[in-house]
Each structure stands twice: as structure tokens, then as C-alpha cells.
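Report on one structure; see the data block that follows.
The values are calculated or read from the model by the stated rules, or taken from the named source; none is laboratory data. Predicted, not measured: the structure shown is a model, and the values here were computed from it. Here the Cβ positions follow ideal geometry from the backbone for every residue, glycine too, while neighbour counts run over all protein chains shown. Side chains included, ligands, DNA and RNA excluded: accessible areas come from the protein's heavy atoms. Shrake-Rupley method; radii C 1.70, N 1.55, O 1.52, S 1.80 Å.
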Amino acid sequence: MSFISGESRWADVALATSARGFATCGQFLTATTLTLSLQTSGAGGSAVAGMLLAATLPLVALAPLTGRLADRVDSRALLVGAGLAQSAICLALAYTGHPLLVVGLVALLACGLAVAQPVLAALVPAMVRATDLPRATALNQTAGMLGVLTGPALAGFLVGGFGTQVPLLIAAVGYLALVVAGLLVRSRRGGARRVTATGDGPSVGVDATDAELAGGWRLRRDPLLVAMVATLAGVIAAIGAINVIEVFYVRETLGLRPPPMGW
């Protein structure tokens, strides 16, 4: 792991943190909006489960590849490309109604998130000194959690008041935060370059060898991490099952319906 040698770049941290918050909010805003849309249109639990699985599976399946991309490809190119692609996909979702097409587009949307997340996480050490890493990481994680909490709540209000198109269009705009961050963040990593220490100064750290040093690491060699990953996977699986059931439970079993359009 490489750190900046000069003063920490808190402006870069703010940009990356904001981008993660907006992107995470957009992901959950989109997933919740489509869940409500599929249930309203009469789609069954299999369609909702397929959509939520498509929103999650690429994050897991592509993790080995996207981690290498974050090390070997320019972070600016990845953030700009992922942001533009996700915004375009979300725009297409706003005008798509067929469940199979929705599932396919959601899977592509999750692929973009699978690229953006490790890039943003890997950029944090390149922005700050080692002593500032805990604070910068906490800000980054907090932004992600705020996005997780805000997205579904915002989706409920927007779907109830304006239908499904408006929240999806808002999410499409939100993904452009990744593009803004990619263009404005001065700290860069990946590709053939080394991590920049200061705006005009020398370089420190090695991007290319980071991937080489990590080549010998294996998850199964660390029992603590294996236990943590297995536990976290179980919790996420349980939450995913609840997410499929709860929309039908609230709307059909409890009989709760959204207010009239335009309230």
C-alpha cells in the first residue's frame, strides 16, 4: 500500500467520498424503484429475486477481475468510463418495462459498480498520509452507508409521488458524480504510472508491484478472514431473501398502497 509523502489531499478525499455516496445512493435508489415497479406491474417473486440477484452477483463474480483492473488501469479512465456507462444504463432502465430486459440492464449496472468501488477504495491511500488513513477511510465508508440508507427511502417517496421514471432519471444523474470525481481528483493510480506524492513533486509507492506482491496472497490462508467472509455472506444472503419478500408482504399481506400520483 502506498501513501502520499506530502500533505494529505482532503479535497480529493471529499470528491471521492461524495462520488461514492452518490453512486451507492443511485444503486439502491434504482434497485428499490425497480422492485416496487415489478411488484406493481404484477411480476412475481421470481422476477424480483432475479433483479436483486442481478444487482448483487456481478459484485461478487467480478471481484477478482475488477481488483486487478484497479491496480493496472488508470483510475481516471475507470471512473469516467464506469460513471458514463452506469448513467446510460440507468437512463435506459427509465424507459424499459420488460422484466427480462430490466434484469439484464441491472446486471450491467452492477458491473459498473463492481469497477468503481475498488477504484475509489484504492485511491484513498494515494490521497492521504498513513496517519490520516483511518479518518479518510471512515469518511469514505460513512458516505457509502449514507447512500445505502438514503437510496431506498428516497425511492419510496419518489415512486409514490412521481412514478418510476423520475427516480431512475435522478439516479442516472447521480452516477455522473463518478465522472466528475474521475476528472477532478488529482490523485491517480493504476496503469504504468506510480502514485503521485505531490502535485509537482516526486513519486512514491509502486502500482505495478502492488499487484505482483498480492499475487501470492490467498484468502484460504487466513482463517480469520475466511470466517469473516463466510459470516458476512450469510448475513447478506438473509437480507437479500428478506428484500424479495418484504415488498409483497407490505403491499399484499398488509394491503398498504402508495398515495395517488402527484401528492
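At least 3 residues being among the β-branched types (Val, Ile, Thr) is the threshold, and among the helices (runs of 4 or more DSSP H) wholly inside region 39-152 those reaching it are 45-61, 99-127.
Taking the numbered list (1) at pLDDT below 65; (2) open to solvent by less than 50 Å² (accessible area, probe 1.4 Å) in turn, Arg194 passes all entries but (2).
None of Leu139, Leu149 is on the phi < 0 side of the Ramachandran plot and either touching a residue at least 60 places away in the same chain (Cβ under 8 Å) or open to solvent by less than 60 Å² (accessible area, probe 1.4 Å) (or both) except Leu139.
Rundown of residues vs (1) among the acidic types (Asp, Glu); (2) on the phi < 0 side of the Ramachandran plot; (3) modelled with pLDDT under 90, yes/no style:
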| residue | (1), (2), (3) |
| --- | --- |
| Leu59 | no, yes, yes |
| Arg68 | no, yes, yes |
| Asp71 | yes, yes, yes |
| Ile89 | no, yes, no |
| Ala94 | no, yes, no |
| Leu100 | no, yes, yes |
| Leu109 | no, yes, no |
| Val119 | no, yes, no |
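For region 6-38, residues that are over 15 Å from the mean Cα position of the chain (by Cα), polar (S, T, N, Q), in a helix (DSSP H, G or I) and farther than 17 Å from Phe162 by Cβ total 0.
Of the residues making up region 124-135, none is open to solvent by 30 Å² or more (accessible area, probe 1.4 Å), farther than 30 Å from Gly190 by Cα and without any contact (Cβ under 8 Å) to a residue 12 or more places away in the chain. In region 63-81, the residue that is most open to solvent (accessible area, probe 1.4 Å) out of those that are within 13 Å of the chain's Cα centre (by Cα) and without any contact (Cβ under 8 Å) to a residue 60 or more places away in the chain is Ala63. Scanning region 82-123 for residues that are open to solvent by 40 Å² or more (accessible area, probe 1.4 Å) and within 16 Å of the chain's Cα centre (by Cα) returns Leu84, Ala85, Ala88, Leu108, Cys111, Gln117, Ala121.
Do we find a residue being at positive phi and either in contact (Cβ under 8 Å) with a residue 60 or more places away in the chain or open to solvent by 50 Å² or more (accessible area, probe 1.4 Å) (or both) anywhere in region 19-37? No, the conditions are met nowhere in region 19-37. Evaluating Ile170 against the criteria (1) at pLDDT 50 or above; (2) open to solvent by less than 40 Å² (accessible area, probe 1.4 Å); (3) farther than 14 Å from Leu120 by Cβ leaves one unmet condition, (2). Considering the conditions (1) open to solvent by less than 30 Å² (accessible area, probe 1.4 Å); (2) modelled with pLDDT under 90; (3) under 22 Å from Ala82 (Cα atoms), Gly205 is excluded by exactly one of them, (3).
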